[in-house]
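Worksheet: the structure to be examined is printed underneath.
The values are calculated or read from the model by the stated rules, or taken from the named source; none is laboratory data. Being a predicted model, the structure only gives us computed values, none of them experimental. Cβ sites come from the backbone with ideal geometry, for glycine too, and all protein chains shown count toward neighbours.
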Amino acid sequence: MNLREKRSDLKNDLIITIFAAPIVAGIFLVSVLPTVLATLTSFTTLELSFDLVWEYSGLANYRDALANPLFLKSFRIGTIWAVSVTVLAMLMGFVLALLIERKKRYSGLLKFLSMFPWALSPVVVAIIWEILLNPNSGPINGTLRAFGLPWGNKSFLGDFATALPTVIVIGAWLSIPLITVSFISSLKTLRSEIMEAALMDGAKASQRLKYIVIPHLRPVTTSLFALNIIWNFNSFGLVYVLTNGGPGGQTYLPALFVYDESFRYGNFGYAAAMGTIITIALVVVLGFYVARRKKLEIES
């Protein structure tokens, strides 16, 4: 490599460093630094009351959190919520992607409907669904009553049996756009020659779906499943506005528990320990995802 090429490489490296520096600084300030500070806080008794109380407490916060049945219950509810929302959203997104890719007359309408949740923030979505599900004036209950169907007077968000399933359905609807777009993008990379060859060999639609489409979508499915589990487990805004964890803690997700302990009760050290436990659990999930991705790459 001559001197001119070396100077060119140094210049390119300098340009990349200059443009990357703000991004790296932003990641550090928004993600890395708060995580480090929260972890350090979790080993203290930091409380915010009339006076700022702070002293080192070791692993006491972690022992208290893991011994707290309410926190463990919220962890279980969060797991049910994250897995259910992810699975339901992926099923709906998969079906929508297949229908949209058929390029029929209804494809444009389905594309609009599948992308519509992207235009709204989770808080706005929660407010809209609160209005729709109002047991007295909401159109959903009104329609059930008009046709004499059961549950016409039921408060779907206020009943112990229906609160969590209702929130899961709303959360899945909100997650559809990204999943649908990802599946559509992956389907566009499927070579048409393979499908044509399968048709010529007499393969039925179900066989083409099982042996060609689903295996082709497996890598993106693995990625979407792992990432959506992480995103949904950390959900806060949607459930907070819809139910605030109620009724009776039936939708009390871990993020809501941490929020209450920190900003409602001022137990920042205790809340930081809970947040760290949640982070460790999600890192484990992410580790399984990375291992799965490496395995798929080796197999392919």
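Among the residues of segment 104-162, those that are touching a residue at least 24 places away in the same chain (Cβ under 8 Å) and hydroxyl-bearing (Ser, Thr, Tyr) comprise SER114, SER121. Taken over segment 146-156, the residue count meeting the criterion of being surrounded by 14 or more Cβ atoms within 10 Å (Cβ to Cβ) and not hydroxyl-bearing (Ser, Thr, Tyr) is 4.
ILE298 meets each of the listed conditions (1) buried (at least 22 other Cβ atoms within 10 Å of the Cβ); (2) of a type in the set (A, V, I, L, M); (3) modelled with pLDDT under 90 apart from (1). Of the residues making up segment 275-300, those that are farther than 15 Å from THR79 by Cβ and touching a helix residue (DSSP H, G or I) at 6+ places or on another chain (Cβ under 6 Å) are GLY275, THR276, TYR289, ARG292, LEU296. Is it the case that some residue within segment 28-39 is in contact (Cβ under 8 Å) with a residue 12 or more places away in the chain and surrounded by fewer than 16 Cβ atoms within 10 Å (Cβ to Cβ)? Looking through segment 28-39, at least one residue is in contact (Cβ under 8 Å) with a residue 12 or more places away in the chain and surrounded by fewer than 16 Cβ atoms within 10 Å (Cβ to Cβ). Looking across segment 83-112 at every residue that is among the hydroxyl-bearing types (Ser, Thr, Tyr) and under 25 Å from SER192 (Cα atoms), the one that is farthest from the chain's Cα centre (by Cα) is identified as TYR106.
Applying the criterion of being part of a helix (DSSP H, G or I), touching a Phe, Trp or Tyr at 6+ places or on another chain (Cβ under 8 Å) and not hydroxyl-bearing (Ser, Thr, Tyr) to the residues of segment 202-223, the residue that is nearest to VAL95 (Cα to Cα) is LEU217.
When VAL284 is tested against (1) of a type in the set (A, V, I, L, M, F, W, C); (2) surrounded by 17 or more Cβ atoms within 10 Å (Cβ to Cβ); (3) within 23 Å of THR86 (Cα to Cα), exactly one condition is not met: (2).
So that you can scan it fast, the table gives a plain yes or no per residue for (1) at pLDDT below 90; (2) touching a strand residue (DSSP E or B) at 6+ places or on another chain (Cβ under 9 Å); (3) among the hydrophobic types (A, V, I, L, M, F, W, C):
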| position | (1), (2), (3) |
| --- | --- |
| SER223 | yes, no, no |
| ASN228 | no, no, no |
| ASN244 | no, no, no |
| GLY266 | yes, yes, no |
| TYR270 | no, yes, no |
| GLY275 | no, no, no |
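Restricted to segment 128-159, and to residues that are of a type in the set (Phe, Trp, Tyr) and modelled with pLDDT of 90 or more, which residue is farthest from ILE214 (Cα to Cα)? Only one residue tops the list, namely PHE156. Taking into account only those residues within segment 229-282 that are over 13 Å from GLY171 (Cβ atoms) and hydroxyl-bearing (Ser, Thr, Tyr), which is nearest to the chain's Cα centre (by Cα)? The qualifying residue nearest to the chain's Cα centre (by Cα) is THR279.
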